[in-house]
1. Given the criteria at pLDDT 90 or above, touching a strand residue (DSSP E or B) at 6+ places or on another chain (Cβ under 8 Å) and not acidic (Asp, Glu), does Ile132 qualify?
2. For segment 100-109, does any single residue satisfy the condition of being surrounded by fewer than 17 Cβ atoms within 10 Å (Cβ to Cβ) and either touching a residue at least 60 places away in the same chain (Cβ under 8 Å) or touching a strand residue (DSSP E or B) at 6+ places or on another chain (Cβ under 8 Å) (or both)?
3. Based on what the data block shows, is Tyr97 aromatic (Phe, Trp, Tyr), surrounded by 16 or more Cβ atoms within 10 Å (Cβ to Cβ) and more than 19 Å from Asp39 (Cα to Cα)?
4. Taking segment 71-92 only, how many residues are assigned to a loop (DSSP other than H, G, I, E, B), among the hydrophobic types (A, V, I, L, M, F, W, C) and under 21 Å from Gly47 (Cβ atoms)?
5. Of these, Gln95, Gln106, Gln53, Gln118, which one is farther than 18 Å from Cys135 by Cα and assigned to a helix (DSSP H, G or I)?
6. For segment 34-41, indicate whether the set of residues that are in contact with a strand residue (DSSP E or B) (Cβ under 6 Å, 6 or more places away or on another chain), surrounded by 15 or more Cβ atoms within 10 Å (Cβ to Cβ) and aromatic (Phe, Trp, Tyr) is non-empty.
7. Output the residue which, of all residues in segment 121-139 that are surrounded by 14 or more Cβ atoms within 10 Å (Cβ to Cβ) and over 22 Å from Gly52 (Cα atoms), is farthest from the chain's Cα centre (by Cα).
8. Please tell me if Phe54 is closer than 30 Å to Cys22 by Cα and in contact (Cβ under 8 Å) with a residue 24 or more places away in the chain.
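The values are calculated or read from the model by the stated rules, or taken from the named source; none is laboratory data. Just so it is clear, the structure is predicted and the values come from calculations on it, not from any experiment. Cβ placement follows ideal geometry from the backbone for every residue including glycine, while neighbour counts extend to all protein chains displayed.
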Amino acid sequence: MTIIIGTVGYAQTSKVQRDRKCIMTLDETCHISVCTFPDKFPEFPGGVAELGQFIQKNIRPSKENNGSQSRVFLSFIVAETGKIECLRIVNKMTQEYSVMDKDVLQGMAKMPNWIPAQCNGTNVAALYSLPITICLANQ
């Protein structure tokens, strides 16, 4: 099994913007206020390399997915405490989730708390998007 991950649209903002106002918006799906452009984005403990290892270890696709390839777009909120909330597949209703979608969600639900986003030195909730491509070989 090959898993390719990547973060979308997240990079450290410039130090010039450090004293700006934190803009919070309501995530309409989860009804949680999130910071749209924090000074520091949330981070998996140990960084992207550790996140990749976590995904390799915890996503266990069902046998019926054997030989398939799937791209799953995850979205979740990292709360100001670092807790993962509102884990979901982007642009799909729950009843539309494929078996692979459910396998990915089950594995990712085991994530530990993250290092939360910060704005002006204060922890804030932030939305995080994570595309995952899974390539399964016939066995």
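1. No; evaluated as a whole, the condition is false for this residue.
2. yes
3. Answer is yes for this residue.
4. 1
5. It is Gln95.
6. yes
7. Per the criteria, the residue is Asn123.
8. Answer is no for this residue.
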